[in-house]
1. Would you please state the base-10 log of I(q)/I(0) at q = 0.08, 0.11, 0.15 1/Å for region A:4-354, with intensities from the Debye formula using one equal scatterer on every alpha carbon?
2. Compute the signed sum of charges (Lys and Arg +1, Asp and Glu -1) over the other residues within less than 9 Å, Cβ to Cβ, of A:Gln76.
3. Take every residue in peptide A:209-218, count the Cβ atoms of other chains within 10 Å of its Cβ, and give the average of those counts.
4. Give the distance, in whole Å, between the Cα centre of region A:247-280 and the Cα centre of region A:52-91.
5. Using Cα pairs under 8 angstrom and six or more residues apart, how large is the relative contact order of region A:4-354, in percent?
6. Size of the dipole of the protein assembly as shown about the Cα centre, Lys and Arg at +1 and Asp and Glu at -1 on the beta carbon, nothing else charged, in debye to 20?
7. Summing +1 for each Lys or Arg and -1 for each Asp or Glu, what net charge is found among the other residues whose Cβ lies under 15 Å from the Cβ of B:Leu47?
8. For the protein assembly as shown, give the share of DSSP beta bridges that are antiparallel, in percent and rounded to the nearest 5; count only bridges with both residues there.
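Nothing in this text is a laboratory measurement; each read-out follows from the coordinates by a stated rule. Treat the numbers as computed from the prediction; the structure is a model and nothing was measured. All Cβ positions, even for glycine, are placed from backbone atoms using ideal geometry, and neighbour counts span all protein chains on display.
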Amino acid sequence: MSTIGTEAIEGFNPSHETVQSTRDRLRAGSVVVLLAALAGIPLVANDYWLNAVLIPFLIMSLTALGLNLLMGYAGQASLGSGGFMSVGAYATYNLLLRLPELPLPVSLLLGGIISGLVGVIAGLPSLRIKGFYLVASTLATQFLLEWLFNQYGWFSNYSTSSSISAPRLAFLGHDLSSPTGRYLLTLTTVVVVTAVAARLARSQTGRAWMAIRDMDTAASVIGVPVSAGKLKAFFVSSLVIGIAGALWAFAYLGTVDARSFNLDRSFQVMFAIIIGGMGSISGNFLGAAFMIFVPILLDHFGGGVFGGAVDPGQLENFQKALFGALIVWFLIKEPRGLAALLSRAWTRLASRINR
Amino acid sequence: MSGPILQLRDVSLSFQGIKALNALSFEVARGEICALIGPNGAGKSSLLNIINGVYRADSGSVTFNGEQFIRIRPAHAAHLGVGRTFQHNALFRHLSVLDNVLAGLIRHSRTTLLEHAFGVGRDRRETREFKRRADEIIAFLDLTRHRDTVVATLPYGVQKRVDLARALVGRPSLLLLDEPMAGMNQDEKHEMSRLILETNASLGTTIVLIEHDMSVVMGLSHHVVVLDYGRKVGDGSPEEVRKNPDVIAAYLGTAH
């Protein structure tokens, strides 16, 4: 059976498969080049770039990845990302403090797992409610966690100030507290976690998540375990976000401070995946780059154009307004974000090469 | 196992006081194609929803494969071997044809989250095996050239076949088809009828389907159950049903 429509689609592009394989090769190649560049950066970049730009960019990418697994793949919207980051940060802090014999990667992973378990509890309402109501319940998680870490001194080892300094970072006898050390720690973690998450997203677990996202009633009728799938999504998502939170505290800020994991952070992560592209792995990096680099560019650009004539506070407000406008624009024009734009660009390039 | 594969006894269902199904009883024999017909609102879709647990009957019982249940969950019904397609498109719209079909195999999976994350253990073998089974069904339903296409971009008639493939890949013993030919042109209907007959013949799947096109129903089914306002007004072979005066009055005789 062939309808006119399908004939037309197939007649339109006979070399569809070769274009696709060229595009896949182009994408794989660009990932390799990008990884090599990121690994080589400490040789050329100064401390400012590592500390203030690249480390937060990488960690923001990882956080976005965590939320994207939950929201972009499994379709469960959450505003609890900041809260899960703080769980990861405080859990890892306490592990480093109380079990100093554990190697750093183990503490990081355990911190992530603790955050993942908290995520499962926070995800329980998703078995009954969805959409806006679920967002409201994750919002409650966010506020509850913020309150918890402020209220109970045990988490911050009864420190008198609200921010506590992170223990020294070391692995296999190497001190990782230099900017280059912290950068390489972050990069390694991000690469490893991204590789595992990307595999998971393509696996049966990821397929179940996307089935739940696209049509949950049909998913349950064909036997996809919907409740288990949602809770697994909350677990993996919060695990990744927890690891990102620990890195944010130890590799970026150098302190554990509940205030840096507030609701603003949750929104920032959500904006990053909306702009970058929901349901895409590369979108997390694009979205995080947008969130980190655009303000820096606006700063330089704004300073250059207005020559200090405009109040920096005004400029910051302008930035926020611009961000808001861009998000609205993306939601309307390109709901699949920068990742979709990039994917189209690759396809165009690939078909040009094959021509 | 002998005896009917599906047996409904005195099944009633009402929505806010309105009776959708009224003490309905019938049997579906193993290996047959059974058509449910009746005017809109006769309760046909509600009946399918009761069989696979989307709705719960107010009273009465459903016996599937000799096992009687009052309330079954959709996922449990799927595990017992009840497959289902939908009247309105319920595909996973952002996924490819292959991924949609593979989703129909998830309930047969024996692998865990950790195996998926690291590609260790049984995961690779299971993935290969599932892909093979999915490709088999995709070829069976003539969907091979659409295999890697995102379903939302496919024509409606093709999407209906993807829905069938997704239900069929898990090899259900009972397949419920809710208006598999709605909105199709004549060619597409013929093709779908052929596929349903072939599924029934070569895979031995018992099929219960809802269909409005009488010529299709009469050509396709071994057994026809006629519903009107939640009551059964006819039950028998296509010939018997065609001659039944109650059926003619209730359904075939009325213009619609």
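1. Relative scattering, expressed as log10 I(q)/I(0), comes to -0.42, -0.79, -1.37.
2. Summing Lys/Arg as +1 and Asp/Glu as -1 gives +3.
3. 6
4. First find each Cα centre; the distance between them is then 6 Å.
5. Computed over region A:4-354, the figure is 31 percent.
6. Numbers: 53 positive and 44 negative charges, 150 e Å.
Charge dipole of the protein assembly as shown: 720 debye, to the nearest 20.
7. Numbers: positive: B:Arg9, B:Lys19, B:Lys44, B:Arg56, B:Arg84, B:Arg231, B:Lys232; negative: B:Asp10, B:Glu27, B:Asp58, B:Asp178, B:Glu179, B:Glu211, B:Asp228, B:Asp235.
Surrounding charge for B:Leu47 is -1.
8. Looking only at bridges with both residues in the protein assembly as shown, the antiparallel portion is about 60 percent.
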